[in-house]
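Everything on this sheet refers to the single structure shown next.
Nothing in this text is a laboratory measurement; each read-out follows from the coordinates by a stated rule. All of these numbers come straight from a predicted model, not from anything done at the bench. Every residue, glycine among them, receives a Cβ derived from its backbone with ideal geometry; neighbour counts consider all protein chains shown.
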Amino acid sequence: KKELIISPSLLAANFGNLERELEKINNSEADWLHIDIMDGVFVPNISFGFPVLKYVSKLSEKPLDVHLMIVQPEKFIHEVKDLGTMMMNVHYEACVHLHRVVQQIKDAGMKAGVTLNPSTPVSMLEDIIRDVDMVLLMGVNPGFGGQKFIEHTIGKVRVLRELIERTGSSALIEVDGGVNLDTGARLVEAGTDVLVTGSAVFKAPDMGEMIHRLKMLGR
Ligand code: DX5
Ligand code: ZN
């Protein structure tokens, strides 16, 4: 059995003290750090940009899992790479030439992830699944943390797991939005490899303990 990967989302952190928040993540069992970049066009919200992330990337000891909720993400491949990013996730819905963008991300030396909104079917990935390192399924409509999990996502994980097995793809399955101990347990059972958790982790009384409990869902 593969080890379950936990990727806490910085969006839920206290921005008044990023240094302390990142130290807590660094000292936890978290595997990656999930970074949400929003442009106010692709999603109805704006988060943080590269000047802030430059500082975050210096403080983080965890590999960066960057989720771009922006139109034309290919314009920022080099900025994302400069952060030292391990995984660059672009939205299927934001890329007219997805195959080209995936190749460009890999040519830049990063792993390539493709993200699906709740309304986009897994079957749209049929012709790209062998080329991607990860598929990120949204468990909520992107743009905000703390939203309620859309139950249909569990079924999408099962369908994606089948597609990956049928095609011999090595893509990981990540789920983002509304993940907590309850939804997380069911997502892992359905075949999820990576859990993104924002509010469940940052609003917990003991962040390290919550990350530990999420991590144990994979054992
Ligand atoms: C939503 C972001 C998520 C968000 C998850 O647009 O992509 O990463 O931070 O937050 P929670 O875990 O609170 O749903
Ligand atoms: Zn995200």
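Brief remarks follow.
- Rounded to 0.05, the FRET efficiency of the K203 and V159 pair, given R0 = 35 Å and the Cβ-Cβ distance, is 0.70.
- Debye, to nearest 20: dipole size of segment 5-216, +1 on Lys, Arg Cβ, -1 on Asp, Glu Cβ: 60
- Extended-chain gain in nm, criterion 0.36 nm per residue less alpha-carbon gap, N17 and M86: 22.4 nm
- Structure-based [θ]222 nm, the chain - -39500 (n - 2.57) summed over DSSP H runs of at least 4, per residue, nearest 500: -10000 deg cm²/dmol
- Spin-label model, D182/N26: points 7 Å from Cα along the beta carbon direction are separated by 3.6 nm.
- Over the chain, Cα pairs under 8 Å with separation of 6+ residues give a relative contact order of 22 percent.
- Shape call, segment 5-216: gyration tensor on alpha carbons, a/c limit 1.5: oblate
- Cross-link reach list, lysines versus K24, counting only Cα pairs under 21 Å and skipping chain neighbours closer than eight places: K54, K58, K62, K203, K215
- Simple spin-label estimate for E61 and H99 in nanometres, 7 Å along Cα-Cβ: 4.3
- The slack between R166 and M124, meaning 0.36 nm per residue of separation minus the straight C-alpha distance, is 13.6 nm.
- Segment 75-135 shape via C-alpha gyration tensor axes, a/c threshold 1.5: prolate
- Cα gyration tensor category, rounded, prolate or oblate, for segment 38-121 with a/c compared to 1.5: oblate
- Modelled FRET efficiency - R0 35 Å, D131 with E3, Cβ distances, 0.05 increments: 0.90
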